[in-house]
1. Which count do you get for residues in region 351-368 that are part of a loop (DSSP other than H, G, I, E, B) and surrounded by fewer than 18 Cβ atoms within 10 Å (Cβ to Cβ)?
2. Mind counting the residues in region 524-552 that are of a type in the set (Lys, Arg) and over 20 Å from the mean Cα position of the chain (by Cα)?
3. Is it true that LEU408 is open to solvent by less than 20 Å² (accessible area, probe 1.4 Å), over 22 Å from the mean Cα position of the chain (by Cα) and either free of Cβ contacts under 8 Å to residues at least 40 places away in the same chain or under 29 Å from MET566 (Cβ atoms) (or both)?
4. Out of all the residues in region 1-26, which are within 25 Å of ALA104 (Cα to Cα) and of a type in the set (A, V, I, L, M)?
5. What strands (runs of 3 or more DSSP E) lie completely within region 193-285 and have 3 or more residues being open to solvent by 50 Å² or more (accessible area, probe 1.4 Å) and closer than 29 Å to ILE597 by Cα?
6. Which one of the conditions (1) surrounded by fewer than 17 Cβ atoms within 10 Å (Cβ to Cβ); (2) in contact with a Gly (Cβ under 8 Å, 6 or more places away or on another chain); (3) not in a helix (DSSP H, G or I) does GLU292 fail to meet, given that it meets all the rest?
7. Out of everything in region 160-182 that is within 35 Å of the chain's Cα centre (by Cα) and within 19 Å of THR268 (Cβ to Cβ), what residue ends up being modelled with the lowest pLDDT?
8. How many residues does region 320-341 hold that are surrounded by 15 or more Cβ atoms within 10 Å (Cβ to Cβ), part of a loop (DSSP other than H, G, I, E, B) and not aliphatic (A, V, I, L, M)?
Amino acid sequence: MRISDKLVEKLLIDAGKLTARQLDPLREQEKTEKLPLQQIAINNNLIDEKELAELYAKEIDVPFIELNAKELQREILRLVPERIARQYHVVLFGVENDGHKLLAMEDPDDIQALSFLQKQLGTDIKVHIATPSNIEAALDQYRGNDSSELTKVLTTEQEVEEALDEVDEEDLAEDSPIAQTVNLIIEYAIKAGASDIHVEPRDAHVLVRYRVDGILREANKLPKKVHGPLVSRIKILSNLKIDEKRVPQDGRFKIQVGSGVFALRVSTLPISEGEKVVMRILSESSKPVTLEELGYWGTSLKTVNHSITQPHGMILVTGPTGSGKSTSLFSILSLLNKPSVNISTIEDPVEYKIPGANQTQINPKAGMNFASGLRSLLRQDPNIIMVGEIRDSETADLGIQAALTGHLVFATLHTNNAATTLPRLLDMGVEPFLIASTIRAVVGQRLVRRLCVDCRESYEPDDNELKQIADTFYTDNPQQMKLIHLKEKDALDNGIGKANINKGTGPSTNELSTNPAKINRLWRAPSNGCASCGHTGYKGRMGIYEALGSSPELQKLIVGNGTSDMIQNQGIKDGMVTMQIDGFIKALRGQTSVEEILRVTSEA
């Protein structure tokens, strides 16, 4: 999406983002950095990519669309071949009942692209504007999750089969079979949406596994002989010692796959069969998503939005490792990131880069832990502080003191839910009155697998399943059932589970699954899934949340050393939706399954 500088100036001024006088420094920066004005404005956080696209769409009278990549139907997407879609940066995201095809593109003024597409699809096209990053994410849906191609490539590389136990320079050259094998393993892991790659030596082979949507899947088995060269190649990329095989090592390297840049955090560990390698995949091209896109809605969204606009105080995000806490904080901090605000963080490790923020990684070997780092941050004149994790009473005390002295403090804590977080701070020795006066909100969260929209099924639950649901969610209580129905209606109004496409067959997620008296239908993953989801029935993950706000009644309970059950009950009275209920509502909306919610929240 290339917008002329003159139009960008008009859009920024009309939207009140800056005055005509404030344009001069931007023009100077444009000359110095040789970037278009629209990119300069985005880099300076004057406007984000989505907001600029919306203003541009309104100006030229073309509808703006924000695509949900995971909701796109592959059979509709592939009506435009991938090569053409990538060449012209367009996405076919829907077909209306009257046959009109819904097309998203960066630049609706691209006459050449439109002319070509009309020859391919016909003239009944409705063009929409989408952001470049949104279209790029949608284009990635062309990629499959099946690793069969990886298997084929590796088994045809006879040179790999014949790799020697001894590692020499030729084995590790950039164009060697081993180097190509490492590249393929990483590339297909990224295409499969994996968060981690496990390379594990076994007695007779080397096992490669990917963690996709939180579940480990076997991807490939390689000949045992390639283990030494494979690990050595990964160590070279990570700048680790090749000849050191007796102790664990940690490293990091970057790789470009498609249009994305990915950082891989590498950990080696000696085990009985050799050295095991685990690579954590972190996307450096990740753009911050909105809280709504993460799955916040209703009272949880209101509570979080209200708390982050306070001038000072502490906001805690809690949940187990891998529950998406860092992603939530990344989105919140990106929302608050402005040139007039000093954001300082201390993390372990720095997973997401926030432009303009001062991010520090702890280094225990050098005496730099969360407590000492936070103490130093307070001398750096910050407005907003983010502490990666509160692990001890010293860090908790420093965070509370920072919140008391006029800073907005964000931190994570490992507890089961929002209500148990406050007693946990008491256990750390923080005074009750300090907790009551500084805590603005506590967010509890989990990640659940998202049902594949290509193959999910709706069904009418039988009496046995309805009884199990009633035992967990108390739907046999008429008042509770009515409340759940109202919550589902509210979720639909907030766009939860509302598809941006029309399949034309099967039940629509734009209809409610409940009425005030009963549950009419539920959703599930089919036993064999489909090619789009790797035959698992699930594709991608989403968050379920609970946000505990700060009310006078809750503050009295904290000062009076109230139990977590008392705090939970008061939070519900104040309007908090628990994680289980939030997940159940999303299951009713066809986003996930009841089994998945129970699996993840059984201990919450």
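1. Selection size over region 351-368: 4.
2. The qualifying residues number 1.
3. yes
4. Selection gives MET1, ILE3, LEU7, VAL8, LEU11, LEU12, ALA15.
5. Output list reads 215-223.
6. The failed condition is (3).
7. Of everything passing the filter in region 160-182, LEU172 is modelled with the lowest pLDDT.
8. 4
The values are calculated or read from the model by the stated rules, or taken from the named source; none is laboratory data. Source: prediction; values computed, not measured. We place every Cβ from the backbone using ideal geometry, glycine too, and count neighbours over all the protein chains shown. Heavy atoms of the whole protein, side chains included, go into the accessibility calculation; ligands, DNA and RNA do not. Shrake-Rupley method; radii C 1.70, N 1.55, O 1.52, S 1.80 Å.
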